Amino acid sequence: MTTGPASDRARRSPASPSLAAATPTAGARIDARSSPCATFGETASSRPTLDRLPVDRLRGVGTRLAERLARLGVLSVQDLLLHLPVRYQDRTRVVPIDRLHDGVDALIEGVIESSELRTARRRTLRLRLYDGSAHLNLCFFHFSPRQAAALTPGTRLRCYGQVRAGLGSLEMIHPEYQRLGVDEPGYSAGDLTAVYPIVDGLTQSSLRSLIAQALEWLEREPEMLPEWLPEGLVRDLSWLSLTDALRFLHRPPRDIAVAELLERRHPAHRRLAIEELIAHQLSLRRFRRRRRQGVAPRLRAQDALRQRLIEGLPFALTDAQRRVAAEIAQDLSQPQPMQRLLQGDVGSGKTLVAVLAALQAVEAGYQVALMAPTELLSEQHARNLTAWLEPLGVTPLLLVGRHKGRERARLLERIAAGDVPILVGTHALFQSDVRFERLGLVIIDEQHRFGVEQRMKLLEKGARAGLVPHQLIMTATPIPRSLAMTLYADLDLSVIDQSPPGRQPVRTVAIPDERREQVIERVRQACRAGRQAYWVCTLIDESEVLQCQAAEETARVLEARLADLRVGLIHGRMKGPERDRVMRAFAAGALDLLVATTVIEVGVDVPNASLMIIENPERLGLAQLHQLRGRVGRGGGESHCVLLYHAPLSELARGRLGLLRECSDGFAIARKDLEMRGPGEVLGTRQTGTMRFRVADPLGDEPLLAQAQQIADRLLEAQDHRIDALIRRWVGDRELLGRV
Ligand code: ADP
Ligand code: MG
């Protein structure tokens, strides 16, 4: 069915399963993708498998359509088969018009009784259809003169669309339709119709016809889509075959429980999901194994420095800090490179744990690199580390973007000479001109701000002289264990599940911005009482420039209104030294109120700050709000956070802010946020970019995940020859991002 001329039906000769005739561009794309392990792309008979067959080998696919498919990540015929429907339509039975009601999607058939073309204001074509039981109006806004001319009274139509209650009678707006010959039989196909994710320029009907071709191909030559899971396994667990599962999902029979399909609970889904999870596990685990084959320096120390640091602290370590510090110390003394993820809620004291690890490396005679996502945070770390470590005779060095020319060259020389025990900075640390003499440990703070690629690049860094540095990755976005095991199957996990004693949860309230004056007054009182406050301006979705402008404007207004207070401003477009100066002033108590953009979201630590105002909190994710709020509540007393929202709030936004008000457990909040927005949104697409799942839901499929892990381990243990093929099918070249 179509609402326009069938544009994608470019005449091409029927495809034959030989790659030789493929167009150079598409052929090259596919080859590049599969070249690392070409042997597994072919069956015994050396026929190309569907993963090596570019989509433009299908009838009707020219360069333009191939480009559109590529935007969906569909390059090969195999990709096309793995492009699964998001929902289904029942077009298997024609519904009498008198049985229709508002809101349903339905297939109907009838004869046009009258047609009316209106040209006033908006061009509209109105048809009145009768099927013997009742009348239905059809309404079109976009149509060609040819289309309109063909829809004359007496024509029989079959339509599919959503029924709406119109004026006086039911109607369908822009249904898909098909003209029926006088004696053409009624609809009888037995399957549900799949609805696919599409992109601009690609129609459901063209995608359906391509997938139909791919399925035909599969029917003819099933061996072109090889089963890569061990046969015994598929049989023992009575799983469907891959081919059966795919055929089912693209063309489910009409009597199936659609709810089961939509919730992805059907055995066909599970069959695909487990294969996908296995492939992801394999790719990460294999990476881990390769890395563990490297040799790391054994960082053995007498612990003198660590002991002195701990003794000098004004507080005792929490049990959780002690526990994870021991886990890390143990790893560092081994010749295999540590790959550990340290999770802990905001304020749980991750920095100190990192410093303890750093001291172990320093005492063993190695260098440490500490990387933070922003200059602001790097500067703060450098400041804190200096305060802690200088008394021990260890002087950290800061290297950020503002170090240029001669100064930078001099610093680089010192690093290369092994003169710098601890280097702190942003990812500028890992530019290729930064060379270490003996890098023993890399620490990455707030890793959710970094892409996987950056994480991977670090590994190459230390690989000099045959030694791979240990790696400690810290994050305050607490990921549920199941998700962590999926996303970070290459890492060991340590969790600080306890906050330092005496911390009180930040009391959080939501106030509409009509009461801004009251809130300003509250800031005044808090600051007069000797406390400090943050005022955070958010403008998510807008450019950083706009966000900074908003902060500048807010700072001006607040400065005027709060003339008796010392107001500072900090945002991402200020120069490093300027930002550093403001931050120092705030930390030293020389400023009462700090107006800021979300640059302060990560890591900023000023214990005396006990009030935070967040503007437009409804625009931010829960996990991010929790991070922001974590900037207060770091000292002893009671702290407050005011969510200054813009009314009216949607139901969803109200629920989210409500959750934040009631809950101060970062793990619970992150879990909720993940459920609501998905891992890509919460963790950042950069990080999860390599982890887009087609079928599996790593949050919802915990039991399946455990099973996938076992199977992946077994395959790895046996060095199974299908590993590469599985990874390529599901993860593709995304997995290879600097990982191997
Ligand atoms: P995060 O885990 O969010 O990075 P930080 O490392 O910035 O947290 O620590 C937050 C604050 O808690 C810092 O001021 C730090 O000095 C302090 N802190 C760390 N450990 C303890 C502890 N065991 N007892 C009391 N305060 C601590
Ligand atoms: Mg931190």
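The values are calculated or read from the model by the stated rules, or taken from the named source; none is laboratory data. As the structure is a computational prediction, the values presented were derived from the model and not from experiment. With ideal geometry, Cβ positions are generated from the backbone for all residues, glycine too; neighbour counts draw on all protein chains shown. Note: accessible area is taken over every heavy atom of the protein model, side chains too, but ligands, DNA and RNA are not part of it. Shrake-Rupley method; radii C 1.70, N 1.55, O 1.52, S 1.80 Å.
A few comments on the model shown:
- Selection count where residues are of a type outside the set (Ser, Thr, Tyr), touching a Lys or Arg at 6+ places or on another chain (Cβ under 9 Å) and touching a residue at least 24 places away in the same chain (Cβ under 8 Å), scope the range 508-522: 3
- For the range 650-673, the set of residues classified as touching a residue at least 40 places away in the same chain (Cβ under 8 Å) and either under 22 Å from residue 498 (Cα atoms) or open to solvent by 40 Å² or more (accessible area, probe 1.4 Å) (or both) consists of 660, 661, 664, 665, 666, 667, 669, 670, 671, 672, 673, listed by residue number.
- Unmet requirement for residue 146, which otherwise passes all of (1) part of a helix (DSSP H, G or I); (2) surrounded by 15 or more Cβ atoms within 10 Å (Cβ to Cβ): (2)
- All positions within the range 283-306 that are surrounded by 17 or more Cβ atoms within 10 Å (Cβ to Cβ) and at pLDDT 90 or above: 296, 297, 299, 305, 306
- Among the residues of the range 73-94, just one is open to solvent by 40 Å² or more (accessible area, probe 1.4 Å), of a type in the set (A, V, I, L, M) and either closer than 26 Å to residue 241 by Cβ or part of a loop (DSSP other than H, G, I, E, B) (or both), namely 86.
- Condition check for residue 271 on (1) surrounded by fewer than 21 Cβ atoms within 10 Å (Cβ to Cβ); (2) closer than 30 Å to residue 90 by Cα; (3) among the charged types (D, E, K, R): one failure, at (1).
For every residue, the table says whether it meets (1) surrounded by 21 or more Cβ atoms within 10 Å (Cβ to Cβ); (2) more than 10 Å from ligand 1 (Cβ to nearest atom); (3) within 30 Å of residue 667 (Cβ to Cβ).
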| residue | (1), (2), (3) |
| --- | --- |
| 324 | yes, yes, yes |
| 341 | yes, yes, yes |
| 350 | yes, no, yes |
| 364 | no, yes, no |
| 381 | yes, no, yes |
| 391 | no, yes, no |
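- Only one of the listed residues (632, 606, 582, 595) is β-branched (Val, Ile, Thr), open to solvent by less than 30 Å² (accessible area, probe 1.4 Å) and within 11 Å of ligand 1 (Cβ to nearest atom). That residue is 606.
- The residue that is farthest from the chain's Cα centre (by Cα), counting only those in the range 365-396 that are of a type in the set (Gly, Ala, Ser) and modelled with pLDDT under 90, is 378.
- Residue 309 being part of a loop (DSSP other than H, G, I, E, B) and either touching a helix residue (DSSP H, G or I) at 6+ places or on another chain (Cβ under 7 Å) or open to solvent by less than 10 Å² (accessible area, probe 1.4 Å) (or both): no
- Restricting attention to the range 60-72 and to residues that are assigned to a loop (DSSP other than H, G, I, E, B) and open to solvent by less than 20 Å² (accessible area, probe 1.4 Å), the residue that is nearest to residue 693 (Cα to Cα) turns out to be 61.
- Residues located in the range 403-427, provided they are crowded, with 17+ Cβ neighbours inside 10 Å, assigned to a helix (DSSP H, G or I) and either in contact (Cβ under 8 Å) with a residue 12 or more places away in the chain or within 16 Å of ligand 1 (Cβ to nearest atom) (or both): 411, 412, 415, 427
- Listing of helices (runs of 4 or more DSSP H) fully contained in the range 499-615 that carry 3 or more residues being away from ligand 2 (no atom under 16 Å from the Cβ) and closer than 20 Å to residue 645 by Cα: 516-528, 544-561
- Of the residues 441, 399, the single one that is within 28 Å of the chain's Cα centre (by Cα) and modelled with pLDDT of 80 or more is 441.
- On inspection, residue 334 fails the criterion of being away from ligand 2 (no atom under 16 Å from the Cβ) and either among the hydroxyl-bearing types (Ser, Thr, Tyr) or farther than 27 Å from residue 476 by Cα (or both).
- Filter result for the condition that a residue is among the polar types (S, T, N, Q) and either surrounded by 11 or more Cβ atoms within 10 Å (Cβ to Cβ) or under 29 Å from residue 86 (Cβ atoms) (or both), over 193, 119: 193
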